[in-house]
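K.L.:
Can you read through this structure? Questions will come right after.
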Amino acid sequence: MALAVAAVAAFLIADGGSGAEGPRSLTTDEASRLAITRFRNYQAKGRAVTITVPGTAGGLTVTGSVDYRHKVGYGVVHGTGRDRSSDGLIQWTPTSVHVRPMTDAPAHAPASPPRSGWYDRGLLASGSALDTSLSIALGLGGDRPDNAELLPQNGAAWWGREQVDGHRADVMTGPSSPDRSGTAGNVRYWIGSDGTMYRVRVSVGSQPEPVVIDFDTHPYVPVKPVPGTTPAR
């Protein structure tokens with residue numbers, strides 16, 4: 001299984017550098033940590049996330065939680081540098097999106113989703129930076145480690161070390177997607193000494209800025225299904 005999140009590979013373009021010290025080949029320890037980083041999210045059952053979504057007319061920020069065992073996310077959306085027409089609650093799976101518009105959306109989503117006011121739609125496979133970002137966030141958990149030996153062979157690399165919210169992290173780029181050669185480096189990971197994922201950055205289509213997913217920015221709240229929907233299994 002390739003760490004580059006093949007399900008969203010079609011959305012990715014090359015990600016430029018950011019004052020890094022590399023690139024260089026991964027050491028054995030670095031490759032091992034990169035190989036287990038998505039599995040760490042699965043082991044944790046869920047993580048608190050802040051997803052920064054780019055946009056030419058202003059961005060969006062999704063603050064919430066992702067349940068990596070059941071592949072479902074839930075949070076609150078706020079527009080940044082744009083009007084508030086997109087503000088509200090959101091819950092999503094790999095195939096569906098439930099939205100509840102709110103004119104005065106809270107900083108954090110309520111632990112139990114409201115019982116009414118929801119609108120349902122399918123998750124778009126293309127043409128939506130928000131939906132692409134939601135898909136990427138769900139894809140950052142896996143039920144088994146990746147193959148550490150194949151990662152360096154397929155282009156994964158080390159770029160430097162940085163602090164993320166007080167955590168010392170190695171910055172690494174993922175390998176090429178299995179179905180798209182030449183895509184090594186499209187996804188950049190900030191990974192701790194035990195393989196914990198602290199940040200992920202991915203360039204998306206023609207958007208001016210990358211999607212940025214930060215972890216543990218607030219307490220994790222277990223995801224409860226929107227009333228009237230079938231819980232994921």
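The values are calculated or read from the model by the stated rules, or taken from the named source; none is laboratory data. From a predicted model like this one, the values you see are computed outputs, not experimental measurements. Backbone-built Cβ (ideal geometry, glycine too); neighbour counts: all protein chains shown. The accessibility values were calculated without ligands, DNA or RNA, using every heavy atom of the protein model including side chains. Shrake-Rupley method; radii C 1.70, N 1.55, O 1.52, S 1.80 Å.
K.L.:
In percent, how large is the relative contact order of the range 17-70, given Cα pairs closer than 8 Å and 6 or more residues apart?
P.N.:
Working: 41 pairs, mean separation 15.4, N = 54.
29 percent.
K.L.:
What length, rounded to one decimal in nm, is gained on full extension from residue 57 through to residue 153, with 0.36 nm per residue of separation minus their alpha-carbon distance? If you can, show how the numbers build up before the last one.
P.N.:
On the way: separation 96, 0.36 × 96 = 34.56 nm, distance 3.94 nm.
Here the answer is 30.6 nm.
K.L.:
Counting only protein heavy atoms and using a 1.4 Å probe, what share of the accessible area of the range 49-122 belongs to carbon plus sulfur, as a whole percent?
P.N.:
About 52 percent, which is the carbon plus sulfur part of the accessible surface.
K.L.:
How big is the Cα convex hull of the range 47-206 in projection, averaged over all directions, in nm²?
P.N.:
Mean shadow area of the hull around the Cα atoms is 10.7 nm².
K.L.:
On to the next question. Taking only protein heavy atoms into account and a 1.4 Å probe, give the accessible area per residue of the range 108-173 in Å².
P.N.:
50 Å²
K.L.:
Show me 25-33, 110-118 ranked by packing, highest mean number of other Cβ atoms within 10 Å first.
P.N.:
Put in order of decreasing packing, that is 25-33, 110-118.
K.L.:
Any idea what log10 I(q)/I(0) is at q = 0.26 Å⁻¹ for the range 40-132, Debye with uniform C-alpha scatterers and no solvent?
P.N.:
For the range 40-132, the Cα-only Debye profile gives -1.54.
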